[in-house]
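Heads up: the structure comes next, in structure tokens.
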Amino acid sequence: MRSLACVLILLSLAGAARAEDAAATSRIIDAAIGDWNEDGKPDLALLMAPASGDQADNQIGIDIYLRDDEHSLLKLAASAPNKIWGSVEPGGTVGQEPSISALPNGSIAIVSQNDAIGRDRWQQTLTLAYRSNNFVVAGYTYDSFDTLEPDNSHSCDYNVLTGKVTKDGKTLKAEARTVSIQDWQDDFGQKACENGH
């Protein structure tokens, strides 16, 4: 039933987008339904890719929709274009597809990866939380491994809100931040993983 509701929501959004702009500039490549603002109503989060033919280095945006107390229709609450990287074609490279999912605690997980090409493989997860009417990056996780040197693998989990870093099994401390998804840069997480003390 929930997946049927997701399909209906996506179809209505796609129809509305076409009605507003016949030359759509982006398309949905993945979606998640959850209650982001904990009001008991289903909300929607989307990964948006450039329209076909305009791949722009496979940069993918994030759009998050909420319902409010007075209206049952979804309303755009956050839009962060060109936020993650990944394969955007349905028949594209396996192991480079991004994904978005709802977590049991009401957060949103956004995964990007390269598990397909080259010796340097990686997976990155951004965890978004709804705080003070804003979607912030609560967590940054980055795992990497070298296919030619299996011992050369690393793992880092950065709790952005508290500054706690767990790097290759060791607990470290970095700067605690409150950063909206619109303002987030992966450099924030990478520096915390490199410079934690």
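Would you check which residues across the range 152-180 are at positive phi and among the small types (Gly, Ala, Ser) and list them?
The answer is 163, 169.
Going by the structure shown, is residue 133 under 21 Å from residue 78 (Cα atoms) and modelled with pLDDT under 95?
So residue 133 passes the test.
Show the residue pairs meeting these rules: Cβ distance below 7 Å; 6+ apart or different chains; first residue within the range 62-74 and within 13 Å of residue 39 (Cβ to Cβ); second residue assigned to a loop (DSSP other than H, G, I, E, B) and among the basic types (Lys, Arg).
67/41; 74/67
Of the conditions (1) surrounded by 16 or more Cβ atoms within 10 Å (Cβ to Cβ); (2) free of Cβ contacts under 8 Å to residues at least 12 places away in the same chain, residue 194 fails just one. Which one is it?
Condition not satisfied by residue 194: (1).
So if I check each of 182, 190, which one is within 15 Å of the chain's Cα centre (by Cα), outside the structural domain of residue 27 (by TED's automatic domain parsing) and not in a strand (DSSP E or B)?
Going through 182, 190 in turn, the sole match is 182.
Between 110, 117, which is assigned to a strand (DSSP E or B) and of a type in the set (A, V, I, L, M)?
Residue meeting the stated conditions: 110.
Looking at (1) over 30 Å from residue 118 (Cα atoms); (2) modelled with pLDDT of 95 or more, which is the one condition that is false for residue 68?
Result: residue 68 fails condition (2) only.
The values are calculated or read from the model by the stated rules, or taken from the named source; none is laboratory data. Here the structure is a predicted model, which is why all the values come from computation and not from measurement. Every residue, glycine as well, gets a Cβ built from its backbone with ideal geometry; the counts of neighbours run over all protein chains shown.
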